[in-house]
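The values are calculated or read from the model by the stated rules, or taken from the named source; none is laboratory data. Fair warning: this is a prediction, and the values are worked out from it, not measured in the lab. Positions of Cβ are backbone-derived with ideal geometry, glycine not excepted, and every protein chain shown enters the neighbour counts.
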Amino acid sequence: MSETREWNCVLATDLDGTFLGGSEEQRAHLYGHIEDRDDLLLIFVTGRDIDFIAELVAQPGMPRPRLIIGDVGTSIYDGETFEPIPALEAEIATRWGDAGDRVVDMLKDEPGLTLQPTPFRHRVSYDCKPAELAPDLVQRVEAEGFDGLISAGRFFDVLPKGVAKGPTLLRLVEHFGLDPAKVLVAGDTLNDLSLFETGLKGVAVGNSEPDLITAIATRPTVFHSPFEGAGGIADALRHFDFRVGA
């Protein structure tokens, strides 16, 4: 994103279950609204990798984000070129320190974990069976200098210490001089909790996992919409009065 301008709304949204959730009619309504606005900055904030996102935005009717936070906050891309933004990724890379092989070796015999085949630059991700995980798994990962995150009842991510969707979004907001008061974050699982912990306005969509709803219950800046996915985002745009600028 090269230009400097004022935005009346910055929508920083998770994909699966959130921006891609809801009915076909709800998605068409939200996507059309975004395409019709020239004062709304769209940011994808997702656990997905850049190849998935490139294929996604190539689909007819899918809005193109100007910025992308991928890999659960460990990658940052320009939405026009799909290239990493080195100035924003430098601290993430330093915190990770090419630790992928060490993490894989550390968890190679861990029950309940199946390594995902996709190679990630600054994280290691697993499919998991929470009932089979050792109760001290997260604590052991943290003792090795990483963060461990279980989400959606089926994923386990090992991340650089202090790196997640929320902190990475704040770094991006500061770097581009965006107005925090005009940012709306949206999500549906525990890997979106860090977005809501930023203090920015937020929406937990209607299909959010119960543990996320419990975690955001006392956060006054977070709106729990009764509508699922894209319908919940549209509901939040109304709730927070993010209207088209003059």
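Yes/no matrix, rows are residues, columns are (1) in contact with a Cys (Cβ under 9 Å, 6 or more places away or on another chain); (2) farther than 21 Å from V163 by Cβ; (3) basic (K, R):
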position: L11; (1), (2), (3): no, yes, no
position: R27; (1), (2), (3): no, yes, yes
position: G32; (1), (2), (3): no, yes, no
position: L41; (1), (2), (3): yes, yes, no
position: D49; (1), (2), (3): no, no, no
position: Q59; (1), (2), (3): no, yes, no
position: R64; (1), (2), (3): no, yes, yes
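From F223, F227, grab the single residue that is touching a Lys or Arg at 6+ places or on another chain (Cβ under 9 Å), more than 26 Å from L113 (Cβ to Cβ) and not in a helix (DSSP H, G or I).
Being touching a Lys or Arg at 6+ places or on another chain (Cβ under 9 Å), more than 26 Å from L113 (Cβ to Cβ) and not in a helix (DSSP H, G or I) holds for just one of F223, F227, which is F223.
Only strands (runs of 3 or more DSSP E) wholly contained in region 17-97 count here; list those with 3 or more residues that are closer than 21 Å to G232 by Cβ and assigned by TED's automatic domain parsing to the domain that holds E209.
So the answer is 40-45.
Within region 146-183, take every residue that is in the same structural domain as D109 (by TED's automatic domain parsing) and free of Cβ contacts under 8 Å to residues at least 40 places away in the same chain and give me the one that is surrounded by the fewest Cβ atoms within 10 Å (Cβ to Cβ).
Of everything passing the filter in region 146-183, R154 is surrounded by the fewest Cβ atoms within 10 Å (Cβ to Cβ).
If I ask for residues that are crowded, with 19+ Cβ neighbours inside 10 Å and touching a Leu at 6+ places or on another chain (Cβ under 8 Å), which ones from region 210-238 would you list?
Answer for region 210-238, where residues must be crowded, with 19+ Cβ neighbours inside 10 Å and touching a Leu at 6+ places or on another chain (Cβ under 8 Å): L212, I216, G229, A230, G231, I233, A234, A236, L237.
What residue, among those in region 118-171 that are among the polar types (S, T, N, Q) and closer than 25 Å to I43 by Cα, is modelled with the lowest pLDDT?
Ranking the candidates gives T118 first.
Taking the residues in region 72-98 that are more than 17 Å from the chain's Cα centre (by Cα) and of a type in the set (S, T, Y) as candidates, determine which candidate is farthest from K165 (Cα to Cα).
Selected residue: T81.
Would you mind telling me which numbered condition in (1) of a type in the set (D, E, K, R); (2) outside the structural domain of A54 (by TED's automatic domain parsing); (3) crowded, with 18+ Cβ neighbours inside 10 Å; (4) out of contact with any Pro (no Cβ under 9 Å at 6 or more places or on another chain) R123 fails?
Here R123 clears every test but (4).
Of all residues in region 166-208, which are in a helix (DSSP H, G or I) and closer than 22 Å to L133 by Cβ?
The answer is L190, N191, D192, L193, S194.
Could you tell me which numbered condition Q139 fails, if it satisfies all but one of (1) under 23 Å from E91 (Cα atoms); (2) without any contact (Cβ under 8 Å) to a residue 12 or more places away in the chain; (3) of a type outside the set (A, V, I, L, M, F, W, C)?
(1)
Scan region 37-44 and give yes if some residue there is of a type in the set (K, R) and free of Cβ contacts under 8 Å to residues at least 40 places away in the same chain, otherwise no.
no
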